[in-house]
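The values are calculated or read from the model by the stated rules, or taken from the named source; none is laboratory data. Predicted model only: the values in this text are computed from it and were never measured. For neighbour counting, all protein chains shown are included, and Cβ atoms are generated from backbone atoms with ideal geometry for every residue, glycine included. Heads up: the accessible areas ignore ligands, DNA and RNA and are worked out on the full protein's heavy atoms, side chains in. Shrake-Rupley method; radii C 1.70, N 1.55, O 1.52, S 1.80 Å.
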Amino acid sequence: MLSRGVFAVFFVITFLYGSFLIEVEGIGVNWGSQARHPLPPATVVRLLRENGIQKVKLFEADSSILKALSRTGIQVMVGIPNDLLAPIAGSVAAAERWVSQNVSAHVSSNGVDIRYVAVGNEPFLKAFNGTFESITLPALQNIQSAIIKAGLATQVKVTVPLNADVYQSASNLPSDGDFRPEIRDLMLNIVKFLSDNQAPFTINIYPFISLYNDPNFPVEFAFFDGTGTPINDNGRIYDNVLDANYDTLVWSLQKNGFGNLTIIVGEVGWPTDGDKSANMLYARRYNQGFMNRQKANKGTPMRPGAMDAYLFGLIDEDAKSIQPGNFERHWGIFFIDGQPKYQLSLGNGNGLIPAKDVHYLAKKWCILAPNANLQDPQLGPSVSYACDHADCTSLGYGSSCGSLNLAQNVSYAFNSYYQVSNQLDSACKFPGLSIITNRDPSVGSCKFKIMIKSDDSSEASTMMPLTRSTAVLLLFWMCLYIVL
């Protein structure tokens with residue numbers, strides 16, 4: 001029979017395996033930083049850890065973020081913005097400096113688990129009119145050379161996150177997929193370079209954008225419920241656009257001799273505001289549907305098994321460009337204060353856990369004064385000024401605040417400016433039009449936000465997380481020591 005001490009060891013191990021947070025396998029998140037009042041990096045890292053997220057994709061090498069990720073065990077893809085491609089493409093020395101400062105230093109000194117360098121971000125978008133076509137591959141090559149020189153080639157791989165518009169199918173069947181004719185030769189050179197260096201092909205796939213750009217797009221085909229009209233591609237059945245789009249890439253690679261190249265889905269998600277199709281209901285339906293597939297290890301007809309993917313995004317970014325659409329500031333699964341937008345299970349059986357120790361400004365708002373004249377000629381310019389310097393994207397048609405009346409619209413604009421201006425009294429002095437109130441002016445689901453305090457000096461623990469396996473091993477030896 002087991003001795004009492006050995007039984008205690010067995011019991012503790014069993015208990016721990018049933019009680020500790022189950023870490024999410026295979027899912028990452030995009031951590032964008034274009035916010036006017038960003039949460040401190042340490043707070044965000046704690047948010048990642050408490051939600052079991054083990055991979056993160058960054059759009060630039062922010063040293064404060066990378067330091068916060070130190071010794072956390074979180075895998076990192078660090079990005080090079082498009083505006084740095086030209087100098088890096090033109091100089092090996094520039095590439096070596098970038099790698100030294102933004103990769104080597106953090107890997108060696110800070111223990112950051114950097115796995116990938118993303119060279120550019122969707123550089124071949126049609127909207128860029130070829131601006132980056134001649135410099136992306138040279139930049140990729142120079143960064144790879146710099147990584148080799150730094151002795152990191154086995155740990156850190158290069159990649160180029162690309163938009164799904166780099167390939168197409170004339171028949172809309174995945175098996176007819178190939179790279180766009182005008183960039184096909186360039187794409188094949190990049191694919192060969194990635195293959196030669198055992199590096200992945202990274203693709204961003206957005207069914208929402210398909211719906212946004214085409215009012216006749218079949219809505220149900222965007223989701224994973226199997227309620228859309230399926231596509232039959234020579235016996236391969238596609239009941240959602242993600243699978244069809246992904247396999248169009250697989251065919252594009254396969255017919256050009258690279259059928260075994262690793263694929264990462266760099267961005268996948270759904271926005272919650274800024275358009276009639278960007279709402280909480282659709283976002284939860286899409287993201288939970290995707291996570292359910294991941295948990296079930298379900299892939300596509302051409303590539304079975306869970307995808308290597310990064311949700312887009314982690315937290316809303318209220319300073320992003322809205323040139324593509326007002327929805328651009330609302331991709332997060334968390335609001336700007338780190339509070340969950342909706343119930344979403346990332347595979348651990350729990351909902352999202354909110355950010356801790358978030359501090360807010362005082363509970364006061366700037367609104368249209370009750371005695372203000374709505375015919376005042378300064379009203380229009382004042383609202384325009386407020387929205388130009390703040391975020392009014394929730395006011396559009398079909399958005400969360402799209403049903404406000406004129407006075408409420410003005411109040412929303414004034415308050416948005418007042419909050420991003422840290423509630424300075426001078427930010428609520430629109431002549432004869434504005435007043436500060438302590439009464440919440442929110443209307444139904446339209447929330448008049450209180451801004452968070454953005455204090456980068458605030459501290460949150462970024463110590464090595466006590467993962468389930470670490471805790472089990474630690475307590476095993478403690479119990480064994482007691483027994484012996």
Practice task
Multiply the residue separation of Lys363 and Met280 by 0.36 nm, subtract the distance between their alpha-carbon atoms, and state the gained length in nm to one decimal.
Solution key: 27.3 nm
Problem - Built amide H within the under 5 Å cut-off of Lys57, gap 5+ - result: Val29, Asn30, Trp31, Met77
Exercise for the section: Please give the peptides 279-289, 331-341 ranked by average Cβ packing (other Cβ atoms within 10 Å per residue), highest first, as a rough proxy for protection. Expected result: 331-341, 279-289
Completion exercise
Scaled by the rule-of-thumb 2.2 N^0.38 Å, the alpha carbon Rg for segment 268-341 gives a ratio of 1.20
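Whole-Å semi-axes of segment 365-453's equivalent ellipsoid, largest first, each the root of 5 times a Cα gyration tensor eigenvalue?
17, 16, 12
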Handout entry: Gap separating the Cα centres of segment 397-419 and segment 337-388, nearest whole Å
Key = 10
Problem - Distance between modelled label sites at Gln168 and Asn405, nm, 7 Å Cα→Cβ extension - result: 5.0
Problem - segment 44-114 - accessible surface per residue (Å², probe 1.4 Å) - result: 34
Exercise for the section: Taking the Cα atoms of segment 59-180, report the difference between the largest and smallest coordinate on each principal axis, in whole Å and largest first. Expected result: 51, 31, 25
Problem - Normalised contact order of the chain, rounded percent, pairs of Cα under 8 Å and 6 or more residues apart - result: 18
Completion exercise
Rounded to 0.05, the calculated FRET efficiency for the beta carbons of Phe193 and Arg439 at R₀ = 56 Å is 0.40
Practice task
Kindly rank 171-184, 200-213 from highest to lowest mean number of other beta carbons found within 10 Å of each residue.
Solution key: 200-213, 171-184
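For segment 23-334, just say rounded, prolate or oblate: build the C-alpha gyration tensor, square-root its eigenvalues into a ≥ b ≥ c, call rounded for a/c under 1.5, and beyond that prolate if a/b exceeds b/c, oblate if not.
Taking the square roots of the gyration eigenvalues as a ≥ b ≥ c, segment 23-334 is oblate.
From the mean inverse distance of alpha carbon pairs (Kirkwood) and the Cα radius of gyration, derive Rg over Rh for segment 316-356.
1.08
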Fill in the blank from the handout: Cross-link reach from Lys255 to lysines, straight Cα distance under 23 Å and at least 8 residues apart if same chain, gives Lys192
Exercise for the section: Would you work out the charge dipole size for the chain about its Cα centre, treating the Cβ of every Lys and Arg as +1 and the Cβ of every Asp and Glu as -1, and quote it to the nearest 20 debye? Expected result: 1200
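Cβ neighbours within 10 Å, averaged per peptide: list 231-241, 136-146 in order, most packed at the top.
Going from most to least packed, we get 136-146, 231-241.
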